[in-house]
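Novice: Have a look at the structure that comes next, please.
Values in this text are rule-based calculations from the coordinates and carry no lab data. Predicted, not measured: the structure shown is a model, and the values here were computed from it. Glycine also receives a Cβ, built like all others from the backbone with ideal geometry; neighbour counts cover every protein chain displayed.
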Amino acid sequence: MSLIGPEKIRRIRDGVWHDRAAILTPRGVLSGEDALVGAVYWRLCKAGRQPGESIADCAPFLRELVQRYRAEVAQIR
């Protein structure tokens, strides 16, 4: 298992949030939350995690990302 520190995970999450318009546009059948979490997953893999490896240690960062997304969507509606 390749460990990635909390600061690196935070930067990945923030990068996904920054790029959310590009990530959400071509999402196909995925929900917005799924598209954002998937983008974090693939960026974690590019940073050294292995596909299929648990990202449970990233749960707090993913939870915050989803909450930010839901708050933004609620403001739009």
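Novice: Please give me the summed charge of the neighbours of residue 42: other residues whose Cβ is under 14 Å from its Cβ, Lys and Arg +1, Asp and Glu -1.
Specialist: Within the 14 Å Cβ shell, the charges total +2.
Novice: Same structure, new question: Want the number for residue 76 to residue 8: 0.36 nm per residue separation, take away the alpha-carbon distance, what's left?
Specialist: Extra length available between residue 76 and residue 8 comes to 21.5 nm.
Novice: Divide the volume of the convex hull of the Cα atoms of the range 6-76 by its number of residues and quote the answer in cubic angstrom per residue.
Specialist: So the per-residue Cα hull volume is 91 Å³.
Novice: Restricting to DSSP H runs of at least four residues, report the calculated mean residue ellipticity at 222 nm for the chain, -39500 (n - 2.57) per run over all residues, nearest 500 deg cm²/dmol.
Specialist: Using -39500 (n - 2.57) per qualifying helix, the result is -21000 deg cm²/dmol.
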